[in-house]
Amino acid sequence: MDSMNRPAETDTNQKTDLKSLTREELNRFCEEFGLQSYRADQIYQWLYQKGVSGFDSMTNLSKELCTRLDEVAEVKRIKLYNRQKSSDGTIKFLFELDDKNRDKIESVLIPDFYPDGTPNRLTVCVSSQVGCIFGCSFCATGKMGFFRNLTHGEIVDQVEFINRVSEEEFGKKITNIVYMGMGEPLHNYKAVVESAAILTDELGLDLSPKRITVSTVGLTKQIMQLANERQPFNLAISLHAADDEKRSRIMPINESLNLEKLEEAVLHYYSRMMQPLTYEYLIFDNFNDSSEDARKLADIAQWVPSKVNIIMYNKVEGVELERAREKRLDRFIQVLVDRGVTATVRRSRGDDIDAGCGQLAIRDGKDRGKSLRKEGV
Ligand code: SF4
C-alpha cells in the first residue's frame, strides 16, 4: 500500500479497519484469522451490501467469532455532518471522516424527474480526496489545496449512505455515480479503481460499470493505465478550454500536460477501449464562449468518438469568472452541432444550496493545503 493511499490513522487504535482492505486483502485477513473463504464473502456483503458497522449485526457469524473479530478489527464509517436540500430536489451532504483531523468531504445527490414528476435518473457525485492539489481557478475545492486521499471504503461509504437517502426521499435506489466531487480521482488512482470494483461487484453494490463515470483533468499516464487495465467504467475529461493558452490560465495542470499530450493519451485510450468518452466544458462569460472557441472544441471532439457536455457554471465566491449568457451559449452550441458534435447542456443544479464543487467544505474553515494554484483569472 503506498503512503498516499494509506488509510487515515488514529492516535491509539491499532485495529484493522476492514473497509480499508481490498477484497483480496480481506480474504487474506480472514484466512490468517483461521476462517474459511465463504466467511470472507459473508463479511464483505455485510460491509458493502448491508452497510453494517458493528460485528454484532453480522447475524450469520457466531457470537464467539464476532467477539474475536471485535478484538482485532473495526469498521470505520463516515458520518453525516450537514445536509441541505435545494428547491430543485438536489441534496448536498457534508460528511465527517473518522480521522484525527475530522476532515470533511462533500457529495451530492442529483435527481432527474420525468415530466409527471416521478424520479428518473438519480446520480450521486462523490468525492475522492480531501481538497485537491490541481488548483483550477474556477473551483472552490482547488482553493483549499490538498490534504489527503480518501480510502476506497470512504468513497463507497458516500454511495451507500446516499443510496439509503435516495430510497427514503425518492422511493428508488441511485442509478448513476460520477466521480466529480472534491479531488482529482485519477490522482487517487488505486482507491478509485478499488471503489469502482466494489460498486460493481455482485457481492458489493452490483451496479453496472456503464453507470459509473470517472472524471479527470487529464492525467495522461493514468488515462493510459485505465486503458491498459481495461477498466470498464466511463471516462470524462474536464476540458473547460479548447486551446493551451486559455486552458493554462484556468487549469495549471495544462502547463505540464498540455492538449498535445492529452490527445496522445486519448488516442491510446480509445485504441484499447473502443468506447467513446465525454468532454466536460464549463462555459464562462466572455472567456471560452466564442464561436472560435466552439470551433476549437469541435476539433478536439473529433480526436476520437466522443460527446461534449457543456456545463453552466455555479458561481464560486472570490472567482471572477461568470456563467455564460444564454445567447452566447446558443450560438456556441450551434457551431458544435454544425460540425457534427454531439453536445448536451447541463444546467447547474442546487444553486440555492451552493452545490458547486467544494463550496460547503471550504466554509468549514481550514488552512490551505498543497496546491498548484496560482492567483489569476
Ligand atoms: S476542478 Fe477538479 S481537479 Fe480542478 S481543482 Fe477542482 S477538484 Fe481539483
For VAL308, which of the numbered conditions (1) of a type in the set (A, V, I, L, M, F, W, C); (2) touching a Lys or Arg at 6+ places or on another chain (Cβ under 9 Å); (3) more than 16 Å from the ligand (Cβ to nearest atom) fails to hold? (2)
Flag if SER290 is more than 28 Å from ILE133 (Cβ to Cβ) and either surrounded by fewer than 13 Cβ atoms within 10 Å (Cβ to Cβ) or at pLDDT below 95 (or both): no
How many residues are part of a strand (DSSP E or B) and either surrounded by fewer than 16 Cβ atoms within 10 Å (Cβ to Cβ) or not small (Gly, Ala, Ser) (or both) if we restrict to region 54-77? 1
Candidate set: region 30-53, residues that are part of a loop (DSSP other than H, G, I, E, B) and touching a residue at least 60 places away in the same chain (Cβ under 8 Å); chosen: the one farthest from ILE162 (Cα to Cα): GLN49
Qualifying position, being surrounded by fewer than 24 Cβ atoms within 10 Å (Cβ to Cβ), more than 15 Å from the ligand (Cβ to nearest atom), at pLDDT 95 or above and under 18 Å from LEU122 (Cβ atoms), among LYS190, LYS221, LYS210: LYS210
Report yes if some residue within region 145-152 is out of contact with any Lys or Arg (no Cβ under 8 Å at 6 or more places or on another chain), surrounded by 24 or more Cβ atoms within 10 Å (Cβ to Cβ) and of a type in the set (Val, Ile, Thr); otherwise report no. no
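With respect to LEU259, determine if the residue is surrounded by 15 or more Cβ atoms within 10 Å (Cβ to Cβ) and within 19 Å of ALA236 (Cα to Cα). Spell out how you get there, then give the answer.
Numbers: surrounded by 15 or more Cβ atoms within 10 Å (Cβ to Cβ): yes; within 19 Å of ALA236 (Cα to Cα): yes.
In short, yes.
Considering VAL165, VAL178, which residue is more than 16 Å from the ligand (Cβ to nearest atom) and surrounded by fewer than 24 Cβ atoms within 10 Å (Cβ to Cβ)?
Details: VAL178 fails: more than 16 Å from the ligand (Cβ to nearest atom).
Only one candidate passes the filter, namely VAL165.
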Among GLU229, GLU154, which is the only one that is at negative phi, acidic (Asp, Glu) and either within 11 Å of the ligand (Cβ to nearest atom) or free of Cβ contacts under 8 Å to residues at least 60 places away in the same chain (or both)? GLU229
All but one of (1) hydrophobic (A, V, I, L, M, F, W, C); (2) surrounded by 18 or more Cβ atoms within 10 Å (Cβ to Cβ); (3) at pLDDT below 95; (4) more than 22 Å from GLN222 (Cβ to Cβ) hold for VAL377; state the number of the condition that does not hold. (2)
Specify which of the listed residues (ILE333, ILE300, ILE310) is of a type in the set (A, V, I, L, M, F, W, C), surrounded by 14 or more Cβ atoms within 10 Å (Cβ to Cβ) and assigned to a strand (DSSP E or B). ILE310
Answer yes or no as to whether PHE146 is hydrophobic (A, V, I, L, M, F, W, C) and away from the ligand (no atom under 12 Å from the Cβ). no
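Could you list, in sequence order, the residues of region 232-247 that are within 13 Å of the ligand (Cβ to nearest atom) and not in a strand (DSSP E or B)?
Our first condition is that a residue be within 13 Å of the ligand (Cβ to nearest atom); within region 232-247, this holds for 236-241, 247.
LEU239, HIS240, ALA241, ARG247, listed by residue number.
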Could you tell me which numbered condition ILE105 fails, if it satisfies all but one of (1) within 16 Å of the ligand (Cβ to nearest atom); (2) closer than 19 Å to ARG211 by Cα? (2)
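The values are calculated or read from the model by the stated rules, or taken from the named source; none is laboratory data. All of these numbers come straight from a predicted model, not from anything done at the bench. Neighbour counts are summed over all protein chains in view; Cβ atoms, including those assigned to glycine, are modelled from backbone coordinates with ideal geometry.
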